[in-house]
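Heads up, the thing below is written out as structure tokens.
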Amino acid sequence: MSEQKSAPAKKGSGWLNVLVDYGPLLVFLGVYRWNAPAEPNPADEILAIIYGTMAFMAAAVVALITSKWRLGKVSPMLWFSTALIVGFGALTIFFGDPVFVQTKPTIIYGVLGVALLIGVWRGRALLQILLEAAFEGLTHEGWLKLSRNWGIFFLALAALNEGLRANLSFESWLWAKLWVFLPLTFLFTFSQIPMLLKNGLSLDDGDEDAETPPPAS
């Protein structure tokens, strides 16, 4: 009887993970800016938002396919984010109202934040399932603390998104996704390293494919 060999797992790439996570947002911003009117014009502004949203939806699907093709997997977070991008993007295009694409991050952050905190309350580290990655040596208590911290951070981002959406123009809100949410996420990620090290994380033997939760875009 011949033994069946399973296909080797595809090796992750840091730059590719970043491209999959942030590429669609950059496409959205680029297409919107390219089509944005030079002078204030509500009709042309809505048209630029619609063009940007269409490109955003297409780029999100391409990112999902690329993740499956090059990384060999699609994380639950990416499935969830892409589904909402397509769904809320379609509503934005149909109604010609940017509020749908602007509230999408609030919903993603809110749902994830509540889910993670409920998981911690029940003694389950849902972040480990969400990322489909294991940090070498990290204890169960460490995973619970990480899930708790990200849950609180996600809820803070949901509140921040609503505050910015209510007080900024669409273009300013879009730039905030790049210059506010992205730095905050990276800073928060690095702030967790001391806690992870105290709870058993090994930097020498850590999983190369380990990742942090991507943005809600």
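The values are calculated or read from the model by the stated rules, or taken from the named source; none is laboratory data. Fair warning: this is a prediction, and the values are worked out from it, not measured in the lab. Don't worry about glycine lacking a Cβ; one is built from the backbone with ideal geometry, like all the others, and counts go over all protein chains shown.
Observations on the model:
- Any pair with Cβ under 6 angstrom, 6 or more apart, that starts in region 18-33 at a residue that is more than 12 Å from SER67 (Cβ to Cβ) and ends at one that is outside any helix (DSSP H, G or I) and modelled with pLDDT under 90: LEU25/SER217
- Condition met for THR106 (in contact (Cβ under 8 Å) with a residue 40 or more places away in the chain and under 15 Å from the mean Cα position of the chain (by Cα)): yes
- Among the residues listed as LEU174, LEU164, LEU157, LEU182, the single one being at pLDDT 95 or above and within 30 Å of ASN41 (Cβ to Cβ): LEU164
- Listed by first and then second residue, the pairs with beta-carbon distance under 8 Å, at least 6 apart or on different chains, first residue in region 135-160 and without any contact (Cβ under 8 Å) to a residue 40 or more places away in the chain, second surrounded by fewer than 17 Cβ atoms within 10 Å (Cβ to Cβ) and small (Gly, Ala, Ser), are LEU144/GLY123; GLY151/ALA115.
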